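Everything on this sheet refers to the single structure shown next.
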Amino acid sequence: MPFATRLIPSLFVSLAALVSASAFAQQALPTGVEAALARAKVSRETVTMLVVDADGTRPPRLAWRSQVPVNPASMMKLVTTYAALDLLGPAYSWTTPVYVEGTVNNGVLDGNLYIKGQGDPKLVLERVWLMLRRVQGLGITTVSGDIVIDRSAFENTAENDPSAFDGEPLRPYNASPDALLINFKSVNMTFAPDRAGQIARVSYEPPLASVAMPPTVPLVPGECGDWRTALKTDFSDVNRIRFNGGFPAACSEKSWAVAYGDPRTYSLRAIGGMWAEMGGRVGGQMREGRVPASLKPAFEFGSPPLAEVIRDINKYSNNVMAQQVFLTIGLTQKNRGTFEASRSALGQWWRDRIGTGEAQPVFENGSGLSRDERISAAALGKMLQVAWRSPVMPELMSSLPASGVDGTLKKRALRSGGAAHLKTGTLRDASGVAGYVHGASGRRYVLVAIANGENAGATRAAFDALVDWASQDN
């Protein structure tokens, strides 16, 4: 396994001592942080904070309730992505094999076409189109038999209820992982007003086979405002999208991404719809099945490397991509694409890499979209210190949002003018930031700040003040 044995064991002992020794110290919080918490009416007993040298050469500058296990929200993605870099290597890529069963004559495949999903987190529409073009490059325009998708690499994920987390099944962030995850199981609808015709033209990406999608919706009077509500969209029938209202005439072009209402059939419908749009035909059915053991791939469609995938995960906090990587760890390390196998693999990796000086994290799906995942600031800080000294530090660092520059921190520049690379996390009752802060002195710091509780979302100003304080060390 790449990078699995390159760190000196004594390093973990020294880091454990440095982070743990002051973990219970009752330190005064920085003045700006205290003031921001007071303005937000957030108790200091609901937050945990740690600021410590990235290289582990000094005691923490600040350690406040850092041993308390808390819900880290999307900051748990830091553990998943660093573990994947360490175990799999930054150049790791996924393949999606395509199999041809039968002979090809005059553009017709006399048999079945199989597509086997193996967990690629980034099979977006452009890449699915390229994969289907490669099928056509084999001389196939018509499949006389069936197009079969094989999703067996990940077990029991397709049955996950997308409404289970927060009752919002149509939100794309609730998409469940899938061995053949296409376009995050979402449909992007674009509304372009045609005022002369008093309609808005609607385009859909992707087109879904056997789903009626109206090409237009009437324009209605009124301000743009809550234009989605004005559409009065009905998604209750998975075979038809209905608009019972209209698109406000005051709006310019708008786009709306929604998760498809029947996620289990999404991949079949998306491939079927795109294949038809590309001029392809199917004589048989679009169905699920297993690839016959006797077949060899006609070709394997490769993904971008892991280093690129984790940039999407961390900069834009993509939940389903993180879960794809989490399940891939179980598949590669335990030969099973299940959450249980992945939790076991991550637990073993944590003990081997990070050690047992801090309470081991509680994993559920590795994305932070969970009420049960737990980690302490001390444990997450220790992992970030280990990552700082690892060969894959540049890949992890470059995947994190940069303050005031991109990702989820694009609009959160530091008042001090300093720089930081931080993963953000937000749930209904959890909020925070974690990552690396660049000090004015030239030193680099690990920073972890997490709030749990009903008012967790109000801590943003306090945590911004903490990052500013950490950057001003000269």
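As an exercise, take the mean of 1/r over every pair of distinct alpha carbons in the chain, invert it, and state the Kirkwood radius in angstroms.
24.1
Provide the descending list of Cα extents for the stretch 264-387 along its principal axes, expressed in whole angstroms.
Projected onto the principal axes, the Cα atoms of the stretch 264-387 cover 61, 34, 27 Å.
Can you tell me which of 455-465, 220-230 comes out highest on packing, and rank the rest after it, using the mean Cβ neighbours within 10 Å? Kindly include the intermediate steps, with their values, before the conclusion.
Details: 455-465: 20.7, 220-230: 13.4.
Taking the mean over residues of other Cβ atoms within 10 Å, the ranking is 455-465, 220-230.
Helix 377-388 versus the longest principal axis of the chain: what angle, 0 to 90°, nearest 10, using Cα atoms?
80
What accessible surface, in Å², does a 1.4 Å probe find on Lys232, ignoring ligands, DNA and RNA and rounding to the nearest 10?
Ignoring ligands and nucleic acids, Lys232 comes out at about 130 Å².
Sketch the reach of a paramagnetic label on Thr190 as a point 7 Å from Cα along Cα-to-Cβ, and name the residues of the stretch 227-254 whose backbone nitrogen lies under 17 Å away.
The answer is 252-254.
Would you be so kind as to identify which of Val104, Leu422, Asn314 lies farthest towards the positive end of the dipole of the chain, taking Lys and Arg as +1 and Asp and Glu as -1 on Cβ and the Cα centre as origin?
Result: Leu422.
Mind checking the full-extension length gain between Asp406 and Arg290? Use 0.36 nm per residue of separation minus the Cα-Cα distance, one decimal, nm.
37.6 nm
Taking a quarter of the surface of the Cα convex hull of the stretch 162-277, what do you get in nm²?
Mean projected area of the Cα convex hull: 7.5 nm².
Where does helix 9-21 land angle-wise versus the long Cα axis of the chain, in degrees 0 to 90, nearest 10?
That works out to roughly 70 degrees.
Hey, rough spin-label estimate for Asp262 and Arg428, points 7 angstrom out along Cα→Cβ, what's it come to in nanometres?
The modelled label-to-label distance comes out at 3.0 nm.
Calculate what fraction, in whole %, of the accessible area of the stretch 309-421 sits on carbon and sulfur atoms when a 1.4 Å probe is rolled over the protein chains. Each step should come with its number before you reach the end.
Details: 1810 of 4010 Å².
It is 45 percent, rounded to a whole number.
What number, rounded to the nearest 500 deg cm²/dmol, is the helix-based mean residue ellipticity at 222 nm of the chain, given -39500 (n - 2.57) per DSSP H run of at least four residues and division by all its residues?
-9000 deg cm²/dmol
Which angle from 0 to 90°, rounded to the nearest 10, does the C-alpha axis of helix 263-277 make with the longest principal axis of the chain?
Once rounded, one gets 50 degrees.
Using a Förster distance of 51 angstrom, determine the FRET efficiency expected from the C-beta separation of Lys334 and Thr216, and round it to 0.05. Can you show the working numbers first?
Details: r = 51 Å, r/R0 = 0.99.
The value I calculate is 0.50.
Picking from Thr81, Ser441, Ser303, whose Cα lies most toward the positive end of the charge dipole for the chain (charges on Cβ: Lys, Arg +1; Asp, Glu -1)?
Ser441
Thinking of the stretch 54-164 as a set of Cα atoms, what percent of all their pairs are more than 18 Å apart?
Tail fraction, whole percent: 71.
Could you work out the local net charge near Trp129, counting Lys and Arg as +1, Asp and Glu as -1, over the other residues with Cβ closer than 13 Å to its Cβ? Please list the in-between numbers first.
Values: positive: Arg127, Arg133, Arg134; negative: Glu126, Glu205, Glu277.
Summing Lys and Arg as +1 and Asp and Glu as -1 gives 0.
Using 0.36 nm per residue of separation minus the Cα-Cα distance, give me the extension gain between Asp352 and Arg133 in nm, one decimal.
Difference between extended and current length: 74.4 nm.
Once R0 is set to 30 Å, what does the formula 1/(1 + (r/R0)^6) return for the Cβ-Cβ distance between Met278 and Ser93, expressed as a FRET efficiency to the nearest 0.05?
The calculated FRET efficiency here is 0.75.
Determine, for the chain, the count of lysine pairs separated by eight or more sequence positions (or lying on different chains) whose alpha-carbon distance falls under 19 Å.
The number of close lysine pairs in the chain is 16.
Out of every Cα pair in the stretch 336-419, what percent are spaced more than 15 Å from each other?
On the way: 2436 of 3486 pairs.
Beyond 15 Å sits 70 percent of the P(r) for the stretch 336-419.
Rounded to the nearest 20 debye, what is the charge dipole size of the chain about its Cα centre when +1 sits on each Lys and Arg Cβ and -1 on each Asp and Glu Cβ?
Around 700 debye, computed over the chain.
Positive end of the dipole of the chain, charges at C-beta (+1 Lys, Arg; -1 Asp, Glu), about the Cα centre: which of Ala377, Pro214, Ala35 has its Cα farthest in that direction?
Selected residue: Ala35.
How high is the FRET efficiency between Ser252 and Glu308 when r is their beta carbon distance and R₀ equals 41 Å, given to the nearest 0.05?
E between Ser252 and Glu308, to the nearest 0.05, is 0.80.
Return one whole number: the accessible area per residue of the stretch 226-377 in Å², for a 1.4 Å probe.
Normalised by residue count, the accessible surface of the stretch 226-377 is 43 Å².
Largest first, please: the extent of the C-alpha atoms of the stretch 63-103 along each principal axis, to the nearest Å.
67, 20, 11
The values are calculated or read from the model by the stated rules, or taken from the named source; none is laboratory data. These figures come from a predicted structure and were not determined experimentally. All Cβ positions, glycine included, derive from the backbone under ideal geometry; neighbour counts span all protein chains shown. Ligands, DNA and RNA are excluded from the accessible area calculation, which covers all protein heavy atoms including side chains. Shrake-Rupley method; radii C 1.70, N 1.55, O 1.52, S 1.80 Å.
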